[in-house]
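A short worksheet on the structure shown next.
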Amino acid sequence: MTTIDIQQGDVALFQTNDDGDISVENGIVKMNSGLETMAYLCLFGGNQDDDGSQDSMLGWWGNAEEVDPSKKMVSETQNIIDGLPATSNNILRLEKAAERDLQVFLDEKIASSVSVSAVMVSAKRVEIVVEIQAVGEKTVFKFTENWEFEA
């Protein structure tokens, strides 16, 4: 009889050059107990074509049965990265979109504050820095994403 460790927390997601992935070592999925997975899913987990507007017909399929608006994934962040050129004005739009995508942290009282900043780290890559204050502890996550919009 073998002993299997019970994994707790969330599956740890990380960003790659072609979207998110998970890590498996020795047949065991890497987990985390923090807020990073939730933040990642808020920013990149919905339908990238959903712009967050009230009348959007492009909402993520998983939202169809969700009655609580604060729990519906929109991924307005991903929509901006995929749908607009990387300009200084659009970086500001990206930060505001990320704040709206992460609003659930505040609505559900998971965190007392959430702040977002974004900076171009190369000609076609943006780094989104998310700072979450929860239970008196500050946690910072960095997500680097390709921004290769072509008109």
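Where a number appears in this text, it was derived from the coordinates with a stated rule and is not lab data. Note that the structure is predicted; figures quoted are calculated from it, not measured. Note that we place each Cβ from the backbone using ideal geometry, even for glycine, and neighbour counts take in every protein chain shown.
Taking the criterion of being closer than 17 Å to Ile80 by Cβ and either of a type in the set (A, V, I, L, M) or touching a Phe, Trp or Tyr at 6+ places or on another chain (Cβ under 7 Å) (or both), the residues of segment 95-126 that qualify are Ala97, Ala98, Leu102, Val116, Ala118, Val119, Met120, Val121, Lys124, Arg125, Val126. Looking across segment 96-132, the residues that are surrounded by 18 or more Cβ atoms within 10 Å (Cβ to Cβ) and part of a helix (DSSP H, G or I) come down to Ala97, Ala98, Asp101, Val104, Phe105.
For (1) farther than 25 Å from Asn32 by Cα; (2) among the hydrophobic types (A, V, I, L, M, F, W, C), each residue gets a yes or a no:
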{"site": "Ile81", "(1), (2)": "yes, yes"}
{"site": "Val121", "(1), (2)": "yes, yes"}
{"site": "Val126", "(1), (2)": "no, yes"}
{"site": "Glu131", "(1), (2)": "no, no"}
{"site": "Phe149", "(1), (2)": "yes, yes"}
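Counting the residues of segment 133-151 that are surrounded by 11 or more Cβ atoms within 10 Å (Cβ to Cβ), assigned to a strand (DSSP E or B) and not charged (D, E, K, R) gives 7.
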